[in-house]
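Down below is the structure, laid out as structure tokens.
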Amino acid sequence: RFADVQPILRAWCVGCHDGASADGPWPLITYEHVSSWADVVRTELVGCTMPPTDAGLPPMPDADRLAILQWIRCGYPP
């Protein structure tokens, strides 16, 4: 469910992907935002390119990365 991955997205993605930052041009705040970008999110997570190393964050824990990927794989249930 989105409620399960939303806190992960807030912690790791929304700092840049808030819709206002030029660093993250597309927002990842609501279910509609994330589900419409699910293919891109999957690609970035599988490639370990998000969050980028220059974002000032430590690497995303595997458990968080896998939780989002599993949610996408299961059809991103609301």
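The values are calculated or read from the model by the stated rules, or taken from the named source; none is laboratory data. Remember, it's a predicted structure, so these values are computed and weren't measured experimentally. In this analysis, Cβ positions are derived from the backbone assuming ideal geometry, glycine residues included, and neighbour counts consider all displayed protein chains. Areas reflect the complete protein model, heavy atoms only, side chains present, ligands, DNA and RNA absent. Shrake-Rupley method; radii C 1.70, N 1.55, O 1.52, S 1.80 Å.
Using only DSSP helix segments of four residues or longer, with each worth -39500 (n - 2.57), what per-residue ellipticity at 222 nm results for the chain after dividing by its residue count and rounding to 500?
Calculated from helices alone, the mean residue ellipticity at 222 nm is -14000 deg cm²/dmol.
Once you put a point 7 Å from the Cα of Val40 and another 7 Å from the Cα of Ala22, both along the Cβ direction, what distance in nm separates them?
According to this spin-label approximation, the distance is 1.7 nm.
If you wrap a convex hull around the Cα atoms of the chain, how much volume per residue is inside, in Å³?
Dividing the Cα hull volume of the chain by its residues yields 79 Å³.
Listed highest first by mean packing, meaning other Cβ atoms within 10 Å per residue, what order do 52-61, 36-45 come in?
The peptides rank, most packed first, as 36-45, 52-61.
Modelled label-to-label distance, Phe2 and Asp54, 7 Å Cα→beta-carbon offset: nm?
About 3.2 nm separates the two model spin labels.
How many nm separate the modelled label positions at Tyr31 and Leu66, each set 7 Å beyond the Cα in the direction of the Cβ?
That separation, rounded to one decimal, is 2.6 nm.
For the chain, report the accessible area per residue in Å² (1.4 Å probe, heavy atoms, rounded to an integer).
Value for the chain: 61 Å² per residue.
Roughly how many percent of the accessible protein surface of the chain is carbon and sulfur, given a 1.4 Å probe and a whole-percent answer?
Summing carbon and sulfur atoms, their accessible area is 59 percent of the total for the chain.
Residue-wise, which Karplus ³J(HN,Hα) couplings in Hz belong to the range 32-38, taking 6.51 cos²θ - 1.76 cosθ + 1.60, θ = phi - 60°, and x for glycine or proline?
My calculation for the range 32-38 gives 4, 4, 5, 5, 6, 10, 4 Hz in order.
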